[in-house]
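**Q** Got a structure here, written out as structure tokens. Questions coming.
The values are calculated or read from the model by the stated rules, or taken from the named source; none is laboratory data. These numbers were taken from a predicted model, which means no experiment stands behind them. Please note: Cβ atoms are built from the backbone with ideal geometry, for glycine as well, and neighbour counts cover all protein chains shown. Note: accessible area is taken over every heavy atom of the protein model, side chains too, but ligands, DNA and RNA are not part of it. Shrake-Rupley method; radii C 1.70, N 1.55, O 1.52, S 1.80 Å.
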Amino acid sequence: VQLQASGGGLVQPGGSLRLSCATSKSIFSINALGWYRQAPGKQRDLVATVTSGGTTNYAASVRGRFTISIDNAENTMYLQMNSLTPEDTAGYYCYARVGVLGYWGQGTLVTVSS
């Protein structure tokens, strides 16, 4: 499975961004998708996940501000990020699990700064 992330950029505090992750495989054949982020000098942490059945899970730090979704027709996963803060600055990576195998996309950088 190949994953192509996009949508990162520079945004002011309080602003919004929408990240996209296009998959090379039908989402119907992917067990779960997710977004992770890694700030400089820190470990990669879970942001949000969604299963093929639509069950979502969010890190406490983003719950209520971020929304993960999937478009089955476009084989694309999205992360709508609202009320961004400087603490959200990081490289954002998409992830897919097919059976017991995991796949990572390249990162897309999100910088929240005034």
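**Q** Which of GLY41, GLY54, GLY15 moves most in a GNM of the chain, Cα contacts under 10 Å?
**A** Between GLY41, GLY54, GLY15, it is GLY41 that shows the largest mean-square fluctuation.
**Q** Counting alpha carbon pairs within less than 8 Å and at least 6 residues apart, what relative contact order, in whole percent, applies to the chain?
**A** Details: 284 pairs, mean separation 42.9, N = 114.
Value for the chain: 38 percent.
**Q** Next up: Hey, rough spin-label estimate for ARG63 and GLU87, points 7 angstrom out along Cα→Cβ, what's it come to in nanometres?
**A** My value for the distance between the label points is 1.5 nm.
**Q** Tell me the trypsin sites (Lys or Arg not before Pro) within segment 19-74 that lie in a loop according to DSSP and have at most 11 other beta-carbon atoms within 10 Å. Walk me through the numbers before you get to the answer.
**A** Numbers: sites: LYS25, ARG37, LYS42, ARG44, ARG63, ARG65; in loops: LYS25, LYS42, ARG65.
Sparse-neighbourhood loop trypsin sites (Lys or Arg not before Pro): LYS42.
**Q** Still on this structure, I have one more. Quick one: which residues, 5+ away or cross-chain, put their amide H under 5 Å from the amide H of PHE66? H built at 1.01 Å from N.
**A** Amide H neighbours of PHE66, under 5 Å, 5+ apart: ASN82.
**Q** Could you tell me the accessible area of THR76 in Å² (1.4 Å probe, neighbours in place), rounded to the nearest ten?
**A** Per-residue accessible area (THR76): approximately 20 Å².
**Q** Given a 1.4 angstrom probe, what's the average accessible area per residue across segment 31-77, in square angstrom? Walk me through the numbers before you get to the answer.
**A** On the way: 2510 Å² over 47 residues.
So segment 31-77 comes to 53 Å² accessible per residue, rounded to a whole number.
**Q** A follow-up question, please. Leaving out ligands, DNA and RNA, and with a 1.4 Å probe, what % of the accessible surface on segment 18-114 is carbon or sulfur? Working shown, then result.
**A** On the way: 2360 of 4880 Å².
Accessible surface attributable to carbon and sulfur in segment 18-114 totals 48 percent.
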